[in-house]
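This report refers to the structure that appears directly beneath it.
The values are calculated or read from the model by the stated rules, or taken from the named source; none is laboratory data. Here the structure is a predicted model, which is why all the values come from computation and not from measurement. Reconstructed Cβ throughout: ideal geometry from the backbone, glycine too, with neighbour counts over all protein chains shown. In case anyone asks, the SASA skips ligands and DNA or RNA and just uses the protein heavy atoms, side chains included. Shrake-Rupley method; radii C 1.70, N 1.55, O 1.52, S 1.80 Å.
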Amino acid sequence: MQEPTKIIKSFQTSKELEDTIIALLIEEFKKPGLILLPTGNTFEERIYKEVNKYFSLQNHELLNSQTQERQKVDSDLRISHLDELLDASRNTFSTQLINSLPSVIEQLSEDFFAINIDEIEAYDRFIFRAGGPRLIFLGLGADPSIAHVAFIGEEYINSSTAIVTLSEATAKMHNCTQALTVGTDIFKSNNLERIIIVAKGNGKAQSIEAGFKDPDTGLGYLLKHHRSKITIYADFQALSELD
């Protein structure tokens with residue numbers, strides 16, 4: 001079995017971790033193919049803000065010094081997200097992503113896909129078109145008994161895109177009892193190059209530990225079946241429970 005240190009990139013501070021993911025997203029947005037993105041505080045507090053700033057018209061400091069043109073995403077880049085709450089009365093994850101990355105998404109136009117919970121088939125057609133995603137970014141749930149990635153592992157390890165019932169803690173966090181989430185079949189996509197999991201803070205430490213010990217958690221399933229494509233980017237606090 002591959003040792004945890006072989007697939008973990010560790011950082012002494014959260015800022016170092018965030019700066020690395022910011023640079024990685026900027027680099028990957030300049031390449032073609034489909035990228036699936038998460039929502040949540042790990043990405044929205046600073047990472048997405050800085051990435052959006054880079055591609056913003058208002059960001060004069062980062063304009064190309066020779067052409068004075070806006071930094072552009074690749075013309076064949078496509079983006080979507082991993083899950084969606086079944087609660088039409090609240091801001092959806094797609095709305096959160098649009099609000100976090102407006103300068104990126106406005107360049108994509110129809111190449112950004114916002115999940116419609118009433119049209120699962122349309123979502124599947126988008127993400128599996130031309131061989132599926134090239135890159136998947138994931139956050140990590142804080143409950144070590146589940147250690148969910150997307151919402152895989154919340155109710156069960158779903159193999160295909162599905163509506164799942166959320167655990168009590170997750171439901172309370174989102175004020176919603178059900179969500180749509182990608183299934184594990186997404187990780188078998190022909191085009192998939194990397195699965196990048198980002199964990200920040202000691203609140204994620206037990207979930208990382210559980211993932212390496214329990215294959216029935218969301219993270220544990222990925223580590224068991226798709227280990228060769230996984231890189232976990234984590235700060236020192238998030239790794240504090242690993243031996």
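Extension gain, L242 to E119, is 40.2 nm, computed as 0.36 nm per intervening residue step minus the present C-alpha separation.
Multiplying the residue separation of K30 and E168 by 0.36 nm and subtracting their alpha-carbon distance yields 45.7 nm. Per-residue Karplus couplings for the range 144-150, computed as 6.51 cos²θ - 1.76 cosθ + 1.60 with θ equal to phi - 60°, are listed in order as x, 6, 10, 6, 6, 10, 6 Hz, Gly and Pro entered as x. Taking every C-alpha pair closer than 8 Å and separated by at least 6 residues, the mean separation divided by the residue count of the chain gives a relative contact order of 23 percent. Largest first, the extents of the alpha carbon coordinates of the chain on the three principal axes equal 52, 43, 35 Å. As a rough guide to protection, the peptides 167-173, 79-85 ranked by mean Cβ packing within 10 Å, highest first, stand as 79-85, 167-173.
With a threshold of 30 Å on the Cα-Cα distance, the over-threshold entries among K72/K213; K30/K213; K53/K224; K31/K213; K6/K200 are K72/K213; K30/K213; K53/K224; K31/K213. Residues K30, K213, sorted by accessible area with the largest first, give K213, K30 [1.4 Å probe; ligands and nucleic acids excluded].
May I ask you to list, by number, the DSSP H helices of the chain whose Cα span along the axis is at least 20 Å and whose average Kyte-Doolittle hydropathy reaches 1.0 or more? Write down the numbers at each step before the final one.
Values: long enough: 14-29 (22 Å, 0.41).
None clear 20 Å together with a mean of 1.0.
Based on alpha-carbon atoms, the Kirkwood radius and the radius of gyration of the range 104-243 give Rg/Rh equal to 0.97.
Taking label points 7 Å from Cα along the Cα-to-Cβ direction, N41 and N190 give a separation of 4.2 nm.
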